[in-house]
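What follows is one structure encoded as structure tokens, with my remarks underneath.
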Amino acid sequence: MNTPTTYRETAFTNSYEFTQGSGYCLPEYPFTEPPEIKSGEVHRHQVVIVGGGITGLTMACCLARLGVKAVLLDEDNTVGVKGASSRGICYTQKSLEIFQRLGVYERIVGKGIQWSVGRTFAGKDEVYSFDLRKQSSFDRSIQPPFINIQQFYIEGYLVERIYGLGHVDLRWKSRVVGFEQHKGFATLTVETPAGQYKLEADHVIDASGSHTPFHAWCGATMTSRRGDDRWCIADVRFKSHPPMERHTWIEAPFNGNRAVWQHLMADDVWRIDYQMEPNADPEVVSREEVVRERLQQQFGRDVEYEIVWVGPYAYRSQCLDKLRIGSVFFMGDTAKIVSPFGARGGNTGVSDADNLAWKLAAVLKGWAPASLLDSYDEERHEAAAQNVRVTNRTARFLRPAEGMERLFRKASISLARQYHFARQLINTGRMAVANSYTHSSVCDRTGGQSVQNVAFNWADGSKGGVNDLLAWADGGLLVLLFGDMPSTACQRLRQLALHAPVRCVQVVGPDNRVGALEHVLDPHGYLQGACHVFGHAWALIRPDGYLAATGESVDTGLIQAVERSLGIKQ
Amino acid sequence: MKTTLHFQDADAFYEQLLDAHAGLEREQSELLNARLILLLANQVGDAQVLGECIEAAKRLPPA
């Protein structure tokens, strides 16, 4: 590769610019002139979502499912970026569980690729491998550990689902160009092909991505870091494809001893992600002959393939200090930006949306005080900070500073070849997890963890999953009572369900007696395991599948836990 | 972090360490040290002790 003599100003976009390839064919959605343009009236909306990426669309779909009215503004009229990119490719179990609740999971499974085996190489040798299906943290959910699929497919499925559910007004080709924050609401100026108009919103969800204008408009403060690491993606379609595994090279002999990622996606497309020289010129590294040369170095001269998409990128990491400023809530890439290692970008955006949506719905339905919304920042900022920390560590391993950092990496790799313990030092990305909440004012110290969508049997013996129970709770809280059910407990729970948005169900293990009309069977104890409880116990589960609290006996402790989880001050 | 004597044989360890470096180029010596630190750190394991050791190593006594 030629070293360029001058560098262009690097755009730390964290979104992959399409430079060449046959591209993807993406759906387009119709622009309808909003009534405000003709009438000139300014309407107040309870919720306005800005940005129709994976985060904004998940938010919109969550709200639509809960029957909450909202407006979504997207500057484009399609999914994906500039009509061609695929961006995120890897969706975690937690995201898949959320998509199952939203009703798009079956389409994702049908289109996507499942994988669980990952191999890491240094030079010509494998340093270590893993099989996620054999890891206890993944094995119980009805959803697999990961599905790889181009991001725009999921976005497209969400759009169609939202059209089907109603409640959310999807406004395409609508760019927000002005913003004013008032006490308790905000005014947005929106530019469309038919002209400009204003609308007011009690709650603004900024899911407009890394280029958001809302940071400046709101005076958001943040910690930001940018380095000289440069990558170039080639999405290619092979005539005969490599194994269905995730392969990563820390030092690839066919890429100047720099890192290479090899990932599979839908449509038989493989994403090959090459680490470039520090500060490499994106224009040079993404030229077709340069890309083809790299692919030949890796796969040999005889391999036949088609280039679908090429995009160079430089990443930055960024974390907002506060995820809520006045009426504006930041989520997805407007809340935090991470390097792509470990699929912690899009997946945390999906969880951001799932976290805020049920809280907004509970507040708007009058089930919870507005202060419940403050817990969004507490919980998702902890997640954002954690994801930034984890991905920064990976970035530092993959692009060590010259000198001592590179020396320790060399030491780690050499030890990992010899001794099992040292494999843990090899950091090619720590795959995204459902972040736990340890500092939330609405979670007890016994809560804060995600409950996997494990299977159980309905009373009639047919199969069900945690998501079915959450759907039954219909945006409210779910109390699972494990073990026998004394009649006093039965009465108390009935009282509770009359006065609070709570649904209760007895979980009957192999040694328990049925005591409640509404009960499910947990013969293998999966449900109990997923809730981290033993013996006779209760678990309070929120609509986002997180534990609010657990306890032993049905007493005032449970009542307090319900109040606390809804943000009711005690 | 222990600051009292825990070595079974401090002199012998010190000698072994120097012998391991004898005849090595600076780069080889640095790699050996790095490998040794990682091997020893795994013997310790305890995150708090490791953190305290790193902090202690950073604090040079006044000259």
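Throughout, read-outs are computed from the coordinates displayed, never taken from laboratory work. Not measured: the values here are computed from a predicted model. All Cβ positions, even for glycine, are placed from backbone atoms using ideal geometry, and neighbour counts span all protein chains on display.
Extension gain, residue A:301 to residue A:404, is 33.3 nm, computed as 0.36 nm per intervening residue step minus the present C-alpha separation. The C-alpha radius of gyration of the protein assembly as shown, expressed as a fraction of 2.2 N^0.38 Å, stands at 1.05.
With 21 Å as the limit, the listed pairs A:69/A:336; A:38/A:365; A:322/A:359; A:69/A:463; A:111/A:463; A:365/A:569 have A:69/A:336; A:38/A:365; A:69/A:463; A:111/A:463 beyond it between alpha carbons. Sites counted here are trypsin sites (Lys or Arg not before Pro) in a DSSP loop (not H, G, I, E or B) having no more than 14 other Cβ atoms within 10 Å; the longest part of chain A that contains none of them is A:366-444. Length gained on full extension, residue A:445 to residue A:182, computed as 0.36 nm times the residue gap minus the Cα-Cα distance: 91.1 nm.
Here's the list of lysines a cross-link from residue A:410 could span, going by alpha-carbon distance under 22 Å and ignoring same-chain residues fewer than 8 apart: A:124. Can you give the local net charge around residue A:323? Use residues other than it whose beta-carbon is closer than 11 angstrom to its beta-carbon, Lys and Arg +1, Asp and Glu -1. Once positives and negatives cancel, what remains is -4. Evaluate E = 1/(1 + (r/R0)^6) for residue A:487 and residue B:47, where r is the Cβ-Cβ distance and R0 equals 60 Å; express this FRET efficiency to the nearest 0.05. Calculated transfer efficiency: 0.80. Taking Cβ atoms as reference points and 12 Å as the exclusive limit, the residues near residue A:432 contribute a net charge of +3, counting Lys and Arg as +1 and Asp and Glu as -1. Dividing the convex hull volume of the alpha-carbon atoms in segment A:92-226 by its residue count gives 216 Å³ per residue.
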